[in-house]
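Inspection log for the structure reproduced underneath, given as structure tokens.
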Amino acid sequence: MRLDKYICKCTSYSRKESCSLIKEKRVSVDGIVVSDAGFHVNDGQEVKIDDTVLHYEEYIYIMLNKPAGYITATHDSNSKTVMDLIDEKRADLSIVGRLDKDTEGLLLITNNGKLNHNMLSPTKHVDKTYYVICDNDLSDDDINRLCHGIDIGDDTPTLEAKCRRYDQGILLTIHEGRYHQIKRMMEAVNNHVTYLKRLTFGPLCLDEDLASGSSRRLTDEEIELIKKYM
Ligand code: URA
């Protein structure tokens with residue numbers, strides 16, 4: 001891999017910034033300063049910026065327990081983003097799907113573009129379970145309607161869903177990911193969401209020990225579970 005690209009993959013430096021570091025002779029490969037951004041880095045070589053050794057990992061997978069108040073974006077000039085919550089500063093990370101600013105819970109962040117694309121693909125029907133609290137109690141009829149597909153103002157009604165009462169609200173599992181889907185489903189039964197938290201995303205479950213605002217790498221077992229989307 002080219003040296004400038006290698007630096008981008010290991011750090012938050014852009015390609016342009018990486019080239020500048022190389023020109024400034026701050027980058028070495030196996031102890032020798034390299035000033036050519038196109039230098040080919042081979043497996044096992046040690047790349048340093050000044051005295052810091054870089055560690056290359058091709059793909060990384062991060063689970064974040066998103067708190068309310070953060071937007072799902074990589075950059076924003078006005079609001080705090082979910083990226084502000086993770087330690088990993090690689091420039092190639094992206095967020096798999098989105099949760100509204102006031103929604104909490106499981107968010108997956110990765111640099112694996114194929115996984116990102118597949119987990120969001122409408123054809124894959126990846127399940128997502130939300131814990132939902134509304135202004136008013138839902139009737140049995142409301143729950144029935146939510147389960148059987150409901151008109152939320154799109155061309156087609158929502159797909160069948162699973163819904164059951166839980167604690168102060170409901171657990172609702174949907175097999176698609178339309179814009180503001182849960183909030184619009186509740187509006188369709190004349191209700192209003194007051195609290196929303198995503199608990200599962202495909203085969204991944206939010207780690208109960210992960211405090212709100214904290215993140216961690218997926219375990220090997222979790223990575224195994226999402227391999228079918230890679
Ligand atoms: N549905 C919503 O309405 N909001 C979310 O953040 C996620 C699903």
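The values are calculated or read from the model by the stated rules, or taken from the named source; none is laboratory data. What you are looking at is a predicted structure, and each value in this text was computed from that prediction instead of being measured. Don't worry about glycine lacking a Cβ; one is built from the backbone with ideal geometry, like all the others, and counts go over all protein chains shown.
Quick notes on this one:
- Residues of the range 154-175 classified as surrounded by fewer than 12 Cβ atoms within 10 Å (Cβ to Cβ) and either out of contact with any Gly (no Cβ under 9 Å at 6 or more places or on another chain) or at positive phi (or both), total: 4
- Flag if residue 64 is in contact (Cβ under 8 Å) with a residue 40 or more places away in the chain, surrounded by 13 or more Cβ atoms within 10 Å (Cβ to Cβ) and part of a loop (DSSP other than H, G, I, E, B): no
- When we screen 158, 173 for residues that are in a loop (DSSP other than H, G, I, E, B) and either within 13 Å of the ligand (Cβ to nearest atom) or hydrophobic (A, V, I, L, M, F, W, C) (or both), the only hit is 158.
- Of residues in the range 113-130 being charged (D, E, K, R) and more than 23 Å from residue 189 (Cα to Cα), the one nearest to the ligand (Cβ to nearest atom): 124
- Flag if residue 151 is crowded, with 19+ Cβ neighbours inside 10 Å and modelled with pLDDT of 95 or more: no
- Residues being touching a Cys at 6+ places or on another chain (Cβ under 8 Å), buried (at least 17 other Cβ atoms within 10 Å of the Cβ) and part of a loop (DSSP other than H, G, I, E, B) - total across the range 176-208: 1
- So residue 128, is it farther than 30 Å from residue 146 by Cβ, in contact (Cβ under 8 Å) with a residue 60 or more places away in the chain and either out of contact with any strand residue (DSSP E or B) (no Cβ under 8 Å at 6 or more places or on another chain) or not acidic (Asp, Glu) (or both): no
- Condition met for residue 133 (crowded, with 17+ Cβ neighbours inside 10 Å, touching a residue at least 24 places away in the same chain (Cβ under 8 Å), away from the ligand (no atom under 12 Å from the Cβ) and not in a loop (DSSP other than H, G, I, E, B)): no
- Given (1) more than 16 Å from the ligand (Cβ to nearest atom); (2) in contact with a helix residue (DSSP H, G or I) (Cβ under 7 Å, 6 or more places away or on another chain), index of the condition residue 185 fails: (1)
- Scan of the range 58-80 for residues that are within 16 Å of the ligand (Cβ to nearest atom) and under 12 Å from the mean Cα position of the chain (by Cα), ordered by number: 64, 65, 66, 71, 72, 73
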